[in-house]
1. Could you list 20, 84 so that the one with the fewest beta carbons within 10 Å of its beta carbon is first and the one with the most is last?
2. For the pair residue 59 and residue 31, how long in nm is the line joining their label points, each one 7 Å along Cα→Cβ?
3. Please check: in the Gaussian network model of the chain (C-alpha springs, under 10 Å), which one of 130, 146, 19 has the largest mean-square fluctuation.
4. Taking only DSSP H segments of four or more residues, each worth -39500 (n - 2.57), what value at 222 nm results for the chain once the sum is divided by all its residues, to the nearest 500 deg cm²/dmol?
5. Arranged from highest to lowest average of other beta-carbon atoms within 10 Å per residue, in what order do the peptides 137-144, 119-126, 100-107, 32-39 appear?
6. Classify region 12-144 as rounded, prolate or oblate from the Cα gyration tensor: take a ≥ b ≥ c as the square roots of its eigenvalues, call it rounded if a/c is under 1.5, otherwise prolate when a/b beats b/c and oblate if not.
């Protein structure tokens, strides 16, 4: 097996979703937590983050959850314009978009729990709105893996 140098490691092609973005200049999930710590509800800021997908909408891939330090941020996709593979949990992802804090209603929390495959008991236990860490992605790069279950993915250009 040939040796791989750092430059070759940076040339990994990603599966691209949404707007074409690069894999450079992304902050970590711990740095994302710092961004959220400085936001008030309804504030937003542009961010590019490299993190891992913790959970994916089991129905369509229309949202994901990613770590933000010790917390979790829910990621949706701008204008419902693209989805990520439903089987991408655990994969590295680079997201570009807007980070913000928002109030999530009981109905939406229950909907997300249902989409996430939670039990009826867990869904019924949701009884109040909550302030959530949110992210609206305009583009996403997912590390390549076998048989992603979403149509429309393309290999992206390498880092620029």
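1. Working: 20 12, 84 30.
With the fewest neighbours first, 20, 84 line up as 20, 84.
2. Between residue 59 and residue 31, the simple spin-label model gives 3.5 nm.
3. Residue with maximal mean-square fluctuation among 130, 146, 19: 146.
4. Numbers: 4 runs with 28 residues, N = 160.
Value at 222 nm, helices only: -4500 deg cm²/dmol.
5. Working: 137-144: 21.9, 119-126: 11.9, 100-107: 14.6, 32-39: 16.1.
Averaged packing, sorted descending, gives the order 137-144, 32-39, 100-107, 119-126.
6. Details: a/c = 1.89, a/b = 1.28, b/c = 1.47.
The shape class here is oblate.
Every read-out reported here was derived from the displayed coordinates using simple, explicitly stated rules and does not represent laboratory data. All of these numbers come straight from a predicted model, not from anything done at the bench. Glycine gets a Cβ as well: all are built from the backbone with ideal geometry, and neighbour counts include every protein chain shown.
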